[in-house]
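Please read the structure below before turning to the comments.
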Amino acid sequence: MSNTPTPPTPSTSHISDMPNLNSNFSAANSYLSHSKVFARISGTGSYLPVRAVSNEELTQQLAEKNIETSDEWIFTRSGIKSRHYANPQESTSFMAAQAAKKALEMAGVDASKVQAIIVATSSADMVFPSTACQVQKMLNIQNHCLAFDVQAACSGFMYALHIAQSFIENRQYQHILVIGSESFSRLLNFEDRSTCVLFGDGAGAMLLSADDHCGIIATKLHANGELQAPLRIPSHFNQGQVAGHAYIEMDGKAVFKIATDVLEKVAQEVLHAANWQGSDLDFLVPHQANVRIIEHCAKKLNIPLEKVILTLSKHGNTSAASIPLAFDEGVRLGKIQKNQKVMLEGVGAGFVWGASVLIF
Ligand code: ACO
């Protein structure tokens, strides 16, 4: 799934002759029908569980089970100092809804105007109904807008964003909530020190809106199902039981190698599609898996670390939530500003990976 390069010039639109297929577009927005429609981030929000767990606290808890680790080992290998763990009330859908509310507030858009809800998650509260349907109910959105979940592991948000981008560029919808929300603490084996120290819980959201000016310029997404072994949760439900191992399994060295390789390639690919250089970017907002992977990618793109939004030390790896969480932090701290050029990139189990470049 990948789009064609679209320079930010309305007059060069390749869809300008397309009919407006969606009755949800109001007359007030008819000005968009004569030019290229861009999908632009109009609001961002995030939610972190109340409980923060430092490396020291986790080390102490693991020591009680005779599992040895240390702040020093965790921080030097991953860049993580702390992460948040959700309590039972802070479900994946609850966190998603909180993040979405903040994104709507920032955009100044009423929830009733949302025409689609897409939630990226690998830790949904139920098999079904989807997290997105639960968010629709929690936000009291009664307009029967479409709502569904996307599962593409740590790249889930990149996939969800591109689906939303396509909906908007095809003039189907004007406002779409795109959310990443994860309760990975439920999926951690606290007997396995090589994985349990790396992940955390949280949610991030973006409101993507139709805009006649600019927004997402190019996106490239990929998958390689041959690469399943290094990272997986190999379980399913069968006859009322969980069948298989319901915890994260990871070959850290293999993941490191694949992640650095594919992220560099897809970053170059999407820059090429936009006709940009790494040096054109104001910010890189990468999936927050491991600071060494991020540093490697930034170096290859000639992006100084001051231009990289890093939340890993406080959040750990929040999988599909990590990119929108980091983006929201960058915006709310006043780092990422309107009209700046930003790259988002992610990689996860599958393997799946992707990148987008956009003008905020
Ligand atoms: N505390 C202390 N020691 C540990 C811990 C821990 N938490 N975990 C593993 N070790 C030990 C191992 O047992 C091993 O000991 P040994 O040499 O006596 O056998 C030693 O540390 C080295 O283990 P390695 O697995 O070789 O450690 P490595 O240097 O590869 O670092 C890490 C592990 C951090 C996971 C690294 O491989 C890595 O960064 N991988 C990338 C994976 C990643 O970022 N995953 C995120 C999720 S995937 C995603 O989001 C795409």
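Each reported figure results from applying straightforward, stated rules to the coordinates on display, with no laboratory input. Every value quoted in this text rests on a predicted model; they were computed, and no experiment measured them. Don't worry about glycine lacking a Cβ; one is built from the backbone with ideal geometry, like all the others, and counts go over all protein chains shown.
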Study note, to complete from the structure: Among segment 269-310, those whose backbone N falls under 17 Å of a label point 7 Å along Cα→Cβ from SER54 are none
Revision key, fill the gap. Taking only the alpha-carbon atoms of the chain, the convex hull volume per residue, in cubic angstrom, is 135
Revision key, fill the gap. Stretched fully, the stretch from ASN275 through SER235 gains (0.36 nm per residue minus C-alpha distance, one decimal, in nm) 10.1 nm
Point to revise | For GLY202, residues with placed amide H under 5 Å, excluding near neighbours | key: GLU182, PHE184
Revision key, fill the gap. If LYS81, LYS137 are placed from fewest to most neighbouring beta carbons inside 10 Å, the sequence is LYS137, LYS81
Practice item. Provide TYR173, TYR247 in ascending order of the number of other Cβ atoms located within 10 Å of each residue's Cβ, fewest first. Key: TYR247, TYR173
Study note, to complete from the structure: Going residue by residue through segment 185-199, the Karplus relation 6.51 cos²θ - 1.76 cosθ + 1.60 with θ = phi - 60° gives ³J(HN,Hα) values, rounded to whole Hz and with x marking Gly or Pro, of 4, 5, 9, 8, 8, 6, 9, 10, 5, 6, 10, 5, 7, 9, 10
Revision key, fill the gap. Taking the chain and counting helices only, DSSP H stretches of n ≥ 4 at -39,500 (n - 2.57) each over all residues, the nearest-500 ellipticity at 222 nm comes to -9000 deg cm²/dmol
Exercise for review: Report, in whole Å, the centroid distance computed from the Cα atoms of segment 289-360 and segment 124-155.
Suggested key: 24
Point to revise | segment 134-228, Cα convex hull volume normalised per residue, Å³ | key: 138
Practice item. Give LYS257/LYS341; LYS65/LYS307; LYS101/LYS335; LYS265/LYS338; LYS81/LYS335 a once-over and call out the pairs whose C-alpha atoms are over 30 Å from each other. Key: LYS65/LYS307
Check your understanding: Each residue of segment 339-349 in order: what ³J(HN,Hα) in whole Hz does its phi give by Karplus 6.51 cos²θ - 1.76 cosθ + 1.60, θ = phi - 60°, with x for Gly and Pro?
Key -> 6, 7, 9, 10, 10, 10, 8, x, 8, x, 4
Exercise for review: Round to the nearest 10 and give me the degree value, 0 to 90, for the angle of helix 252-274's Cα axis relative to the longest principal axis of the chain.
Suggested key: 10
Point to revise | Ordering of 65-73, 190-198 by burial proxy (mean other Cβ atoms within 10 Å per residue, highest first) | key: 190-198, 65-73
